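Each remark here refers to the structure printed beneath this line.
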Amino acid sequence: MLIVRATKKLRDRIGPPDLGGDEQSTTVLGEWYATRFGWRPDVLLLVNEPTLLPVLLPLAPAATALSRATHDIAAAMATHGASAAIVAAELEQMRTHRIGTTANRSVVGIMNEFSHLADAYRDRDMQPSLDDLAARLATTPCSPLYRTHISPDRAFTALVHAIPRRGDAPTA
């Protein structure tokens, strides 16, 4: 199950929280945080909690945004080096999703920083693709990652390489 912890600004568009108190993410990547950029048209920003990897996609239609987001997450995973098997397994786990309220202020702060950076990058390049913009944001040094991998793209690569492949013996 994919758990998306959405800001109030986004929940006002996609619906109220439906996450039960005992439900946990079943995906390898864990929970995602999400907000909306009030651009024309509106854009959905998703940020993976453990790696801070950003994914951007059009918000409209808002009712199907989270269902569509799974494919954009899978595409971002492939772009950043995840194997087809890992992407397929993650897609299988993301077939169901729940919406929760934000719980990690650090990730919310990173989303705010990404928002400011995205606005600045967008001003320079009048029509950047959302995939290119997300890839550029993924190279941003983030303070929660300073002691480990520094940027979301590196943190994601390290996480993917730590996932045991089928048939591999688990590492201790």
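The values are calculated or read from the model by the stated rules, or taken from the named source; none is laboratory data. Every value quoted in this text rests on a predicted model; they were computed, and no experiment measured them. All Cβ positions, even for glycine, are placed from backbone atoms using ideal geometry, and neighbour counts span all protein chains on display. Only protein heavy atoms, including side chains, enter the accessible area calculation; ligands, DNA and RNA are left aside. Shrake-Rupley method; radii C 1.70, N 1.55, O 1.52, S 1.80 Å.
So here's what we get for this one:
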quantity	calculated
Protein accessible area in the chain, 1.4 Å probe - carbon and sulfur %	51 percent
Label point distance in nm, GLN24-THR79, each placed 7 Å from Cα along Cα→Cβ	3.1 nm
Bridge type composition, segment 1-136 - antiparallel percent by DSSP, nearest 5	60 percent
Loop trypsin sites (Lys or Arg not before Pro), segment 73-157 (other Cβ atoms within 10 Å of the site Cβ: 11 or fewer; DSSP)	ARG95, ARG147
Relative contact order (%) - criterion: Cα under 8 Å, at least six apart; region: segment 60-172	20 percent
Distance between segment 42-59 and segment 68-89 - C-alpha centres, whole angstrom	13 Å
Heavy-atom accessible area per residue - the chain, 1.4 Å, Å²	54 Å²
